[in-house]
Amino acid sequence: MHRRLALAAAAALCGTLVLSACSSDGGSGDSAKAASGPVKLTFWAWAPNMDKVAEVWNKAHPEIQVSVLKQAGGDDLVTKTITAAKAGNAPDLMQAEYQALPTLVSNDVLADVSKQVGGAKSQFADGVWKQVTLGSDAVYAVPEDTAPLAFYYRQDLFEQYGLKVPTTWDEFAATARALKQKAPDKSLTTFSANDPGLFAGLAQQAGAKWWTASGDNWKVAIDDPATKKVAGFWSGLVKDGAVDNQPMYTPAWSKALNDGTQIGWVSAVWAPGVLTSSAPDTKGKWAMAPLPQWESGASVTGSWGGSATGVTTGAVKAGHGDAAAKFATWLNTDPEALAALVQQVNVYPAATSAQTGGLLSAAPEFFSNQPDFYPKAAEIAKGTASAAWGPNVNVAYSAFKDAFGKAAQDKGDFGAALSTMQQATVEDLKKNGFQVG
Amino acid sequence: MASPPPVPRAVRRRGSLAPYGFLGPATLLFTLFFALPIGFAVYLSLRASRVKGLGLGSHARTEVWAGLSNYTSALADSELLSGSGRVLLYGALLVPTMLGAALFFALLLDVPRVRFGAFSRLVIFLPYAVPGIVASTLWGFLYLPQVSPGYYLLTRAGMSGPDLLHGNGLYLAMANIAVWGGTGFNMIVIYTSLRALPAELYEAARLDGCSELQIALRIKIPMVAPSLVLTFFFSMIATLQVFAEPMTLKPLTNSMSSTWSPLMKVYRDAFVQGNIYSAAATSVVIAAATLLLSFGFLKLVNKRANGGS
C-alpha cells in the first residue's frame with residue numbers, strides 16, 4: 001500500500017515547500033554578510049561542461065564565485081525551479097529555454113535585470129532579444145544560445161537516388177514521395193509527436209504567433225492559419241506514408257538514421273551533436289541546407305530550443321542580483337566566455353559577434369565534409385522568425401504530444417489535433433485566472 | 001480527610017503511562033510521515049493558483065481557496081476515467097496470468113524429487129530483483145521491430161511480428177513486463193505456504209490412491225487459498241499504481257498518452273503542467289478509490305470465507 005501513499009506524500013511535500021516560502025522571506029536578506037567575503041552564487045544549468053566555463057570566471061573574479069549544479073533538462077526542470085523558488089531555495093542563476101521564460105516569470109522565479117544587463121542588447125539579434133524581454137521594458141535573462149532550424153540530409157544517398165535538395169516545402173513533399181517510389185523502405189524523415197519544439201519552430205517559420213498579449217489579455221492562436229498550414233502539410237505526408245510517423249529519440253530512430261533508412265532530418269543547428277551520438281557510422285555523409293521555404297526565394301527559419309541565463313528573484317532578495325547579472329552578462333557576451341561556451345559546451349552562441357567571428361571557423365568534426373558549416377548557419381540564423389511564447393507553453397506542449405501522437409499513429413487529421421491543443425491551452429489559462437481574449 | 005496511600009497511586013500512574021510511552025514513537029512517525037502529508041495533500045486539493053493581469057512580473061500569482069472545484073474538474077476529466085479503464089483492462093490481463101503462472105511454478109517446485117529446484121526458484125525469482133524502469137527499457141528494446149532480435153528472427157523466417165507498441169498490443173506488452181517481473185515474487189509466497197503444509201496430508205492422500213496431480217488440485221490449491229488471496233490483493237494494488245513501466249515505454253510510441261494510467265495523469269498535472277493543486281485532488285480521488293476497492297475485496301473474501309466454514 002505504500003506506493004499510493006508515497007505519491008500523496010510527495011504531493012504534500014511539494015506543498016510543504018510552498019508553505020515554507022512565507023517564512024523564508026525574512027531570513028534571506030544577508031546582503032550585509034555578503035560584503036565581507038566573496039559572493040557565492042549557484043547556477044543551475046543542464047549544458048555539459050558549464051562548470052568549466054564558470055571556472056574561467058572564478059579565476060578572474062575572486063570576489064564573485066559561481067558554482068554550477070548540473071541539472072537534467074526538460075519539462076520538469078521548470079517545475080523544479082518554481083518549487084525551489086517558492087521554498088526560498090532557488091539558485092541565483094539558471095539556464096532556461098526561451099519558451100519557459102514566461103512561465104518562470106509568471107511564477108516569480110526570474111527577476112527583471114534590465115538595469116544591469118540592458119546594455120548588452122546590441123550584442124544580440126532583435127528577434128532573440130525580444131524573447132528575453134517578453135515584449136516589455138523588462139529584461140528577464142541574457143540570451144545564451146540560439147537554435148535556428150535547417151534541413152540536414154544524407155549527401156551520398158541524395159546523390160544515389162537522384163534527389164535534389166528541396167528549397168521549398170512543395171519540393172520537400174515531392175522529394176519525400178520520389179524517394180518512396182525509388183526506395184519504398186526508406187523515408188525522407190519522420191513526423192515525430194514527441195518533441196513539440198520542432199513543430200513550434202516550423203510554425204514560427206510559417207508566421208505563427210501562438211501567444212500575444214494586449215493590455216491585460218492573452219490571445220492564444222495555436223490554431224491560426226499559419227500553424228494550420230504546417231499541420232496540414234505534415235498531415236498529408238503522414239497520411240500518404242510519404243514520411244514515417246514514429247517518434248524521434250528512440251533506439252529505432254537512431255538506427256534508422258545510422259543505417260540510412262531515414263535520409264534527412266529537419267533539425268536545429270545543434271544537430272551535429274545528436275548525429276554524432278545517434279548515427280556514428282554516417283560521419284562525413286551529412287550536409288546542412290537552409291530550411292525549405294513556404295515562398296520560393298524567401299529565407300525564413302524558426303527555432304527549436306535555445307536558452308538564456310536568468311537571474312532569480314531569490315538572488316535579488318539576497319542582495320546578489322548585481323553580481324549574478326554581471327556573471328550572466330559576462331557568460332554570454334565576453335569573448336573569453338563565448339570561446340569557452342563554443343569549445344567546451346558546444347553551443348551555438350546567441351551573441352552575433354561570436355556567430356561570425358573566428359570562434360566558429362572550423363566546421364563540427366562530424367560535418368568535416370562541409371567546411372563552411374558555421375558561416376552557412378550564420379546566414380540561416382539571420383532569417384530567424386521571432387517566437388511568441390506565453391505563460392503556459394508547458395501545457396500546450398504536453399497537449400501536443402498526446403493529440404499529435406494519436407493523430408500521427410492513426411494517420412489522422414492533424415487539424416483536429418491542433419484544435420485540441422488550442423483548446424487545452426486556452427482552458428488552462430482561464431482556469432488560472434488569466435484573461436483570454 | 002484521609003488521602004489514599006501514595007504508593008498504589010504511583011504504581012497506577014506508572015502502569016497507565018507505559019503504553020503511551022510505547023505508542024509514542026509510532027504515533028509520532030505516523031503523524032509526521034503519514035497523516036500530516038496526507039492532510040496537506042487534502043488541503044492543497046482545496047486550493048488553486050490565481051493570476052492577475054498578464055501574469056508577468058512579481059507577485060502576479062496568489063494562492064486562493066478553491067473549494068471543491070479541483071475535485072469536480074478531476075472527476076469531470078474523461079481522461080481519469082478512461083485511464084482507469086485502461087488500467088483495469090491491463091490488470092484483467094496481468095493478474096490472472098501472473099498468479100496462474102506463479103501457482104503453476106510453485107506447484108511444480110513442490111513436487112517431490114524435483115530436480116534443480118533451488119536453481120529454478122532463483123531463476124524464476126530473479127526478474128523481480130530488476131527495477132521496473134530497467135525491465136521496461138529492456139523490453140522496450142525488444143518491442144521495437146527495428147532493433148529487436150526477436151523481430152529480426154521472425155522476418156528472417158518470413159513472418160511478421162505482432163505490433164506490440166500500438167493499439168491492443170500495448171496491453172500485451174505492458175502485461176508481459178509485469179508478468180515477467182512479478183511471477184517470481186508471487187511464486188515464492190505461494191511456494192512458502194505450500195512448504196508449510198504438513199506432509200502427512202500427502203501421505204494419507206497417496207495411501208488413498210491420489211496421483212500427484214490430484215494432490216495438487218484437491219489438497220494443495222485449497223490449502224494455499226489464503227496466500228492466493230494475499231497475492232491477488234498485492235497484485236491488484238500494484239496494478240492500480242502502475243506508473244514506471246508506462247512512463248518508460250511512453251517515449252517509444254505514439255500510442256502511450258501522458259495520461260495512460262491515473263498516476264501518470266497526477267504526474268503530468270504536477271510536474272509537467274505545474275498544477276500541484278489539481279494533482280493533489282486527483283491523488284486523493286485515486287487513493288479513495290484504491291482504498292474502497294481494496295477493502296471491498298477483503299470484505300468480500302472474508303464474507304465468503306466465513307460463509308463457507
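The values are calculated or read from the model by the stated rules, or taken from the named source; none is laboratory data. Since the structure is predicted, the reported quantities are computational estimates derived from the model, not experimental observations. Methodologically, a virtual Cβ is constructed for each residue, glycine included, from the backbone with ideal geometry; neighbour enumeration extends over all protein chains shown.
Conditions (1) under 21 Å from A:Pro225 (Cβ atoms); (2) in contact with a strand residue (DSSP E or B) (Cβ under 8 Å, 6 or more places away or on another chain); (3) not acidic (Asp, Glu), marked per residue:
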site: A:Phe404; (1), (2), (3): yes, no, yes
site: A:Ala407; (1), (2), (3): yes, no, yes
site: A:Leu418; (1), (2), (3): yes, no, yes
site: A:Ala424; (1), (2), (3): yes, no, yes
site: A:Glu427; (1), (2), (3): no, no, no
site: A:Lys430; (1), (2), (3): no, yes, yes
site: A:Gly437; (1), (2), (3): yes, yes, yes
(request) Any residue in the range B:100-119 that's acidic (Asp, Glu): show its pairings with residues that are part of a helix (DSSP H, G or I) and surrounded by 13 or more Cβ atoms within 10 Å (Cβ to Cβ) at Cβ separation under 6 Å, as long as the two are six or more apart or on different chains. (result) B:Asp110/B:Leu194
(message) Condition first: more than 11 Å from chain B (Cβ to nearest Cβ) and either under 21 Å from A:Ala176 (Cβ atoms) or crowded, with 22+ Cβ neighbours inside 10 Å (or both). Now tell me which residues in the range A:197-216 satisfy that.
(response) A:Leu198, A:Phe199, A:Ala200, A:Gly201, A:Leu202, A:Ala203, A:Gln204, A:Gln205, A:Ala206, A:Ala208, A:Trp210
(message) If a residue counts only when it is in contact with a helix residue (DSSP H, G or I) (Cβ under 8 Å, 6 or more places away or on another chain) and farther than 21 Å from B:Ala102 by Cα, which helices (runs of 4 or more DSSP H) contained entirely in the range B:203-309 have at least 2 such residues?
(response) B:244-249, B:262-267, B:276-308
(message) All but one of (1) farther than 24 Å from B:Lys220 by Cβ; (2) modelled with pLDDT under 95 hold for B:Ala92; state the number of the condition that does not hold.
(response) (2)
(message) For the range B:243-261, which positions are more than 10 Å from chain A (Cβ to nearest Cβ) and of a type outside the set (Gly, Ala, Ser)?
(response) B:Glu245, B:Pro246, B:Met247, B:Thr248, B:Leu249
(request) Identify the single condition in (1) under 19 Å from A:Leu202 (Cα atoms); (2) buried (at least 19 other Cβ atoms within 10 Å of the Cβ) that A:Ala416 does not satisfy, given that it satisfies every other one. (result) (2)
(message) Test of understanding: among B:Val224, B:Val284, which residue is within 12 Å of chain A (Cβ to nearest Cβ), at negative phi and at pLDDT 90 or above?
(response) B:Val284
(request) Quick one: which helices (runs of 4 or more DSSP H) lie wholly within the range A:87-154 and hold at least 3 residues that are within 14 Å of chain B (Cβ to nearest Cβ) and at pLDDT below 95? (result) A:101-106, A:126-133
(request) Return only the number of the condition from (1) within 14 Å of chain B (Cβ to nearest Cβ); (2) more than 30 Å from B:Ala60 (Cβ to Cβ) that A:Ala351 does not satisfy. (result) (1)
(request) Confirm whether A:Pro375 is outside any strand (DSSP E or B) and farther than 23 Å from A:Gln123 by Cβ. (result) no
(request) Go through the range A:217-234 and give me each residue that's within 14 Å of another protein chain (Cβ to nearest Cβ) and in a helix (DSSP H, G or I). (result) A:Trp234
(message) Could you list, ordered by first residue, the pairs with Cβ atoms under 7 Å in which the first is in the range B:268-279 and more than 8 Å from every other protein chain (Cβ to nearest Cβ) and the second is surrounded by fewer than 24 Cβ atoms within 10 Å (Cβ to Cβ), at least 6 apart or interchain?
(response) B:Tyr277/B:Arg47; B:Tyr277/B:Ala48; B:Tyr277/B:Ser49; B:Tyr277/B:Ala66; B:Ser278/B:Ser73
(request) Kindly indicate the residue of the range B:133-154 that is in a helix (DSSP H, G or I) and within 11 Å of another protein chain (Cβ to nearest Cβ) and also farthest from B:Ser255 (Cα to Cα) among those meeting that condition. (result) B:Tyr151
(request) Starting from residues that are more than 8 Å from every other protein chain (Cβ to nearest Cβ) and outside any helix (DSSP H, G or I), keep the ones in the range B:49-94 and report whichever is nearest to B:Asn176 (Cα to Cα). (result) B:Asp77
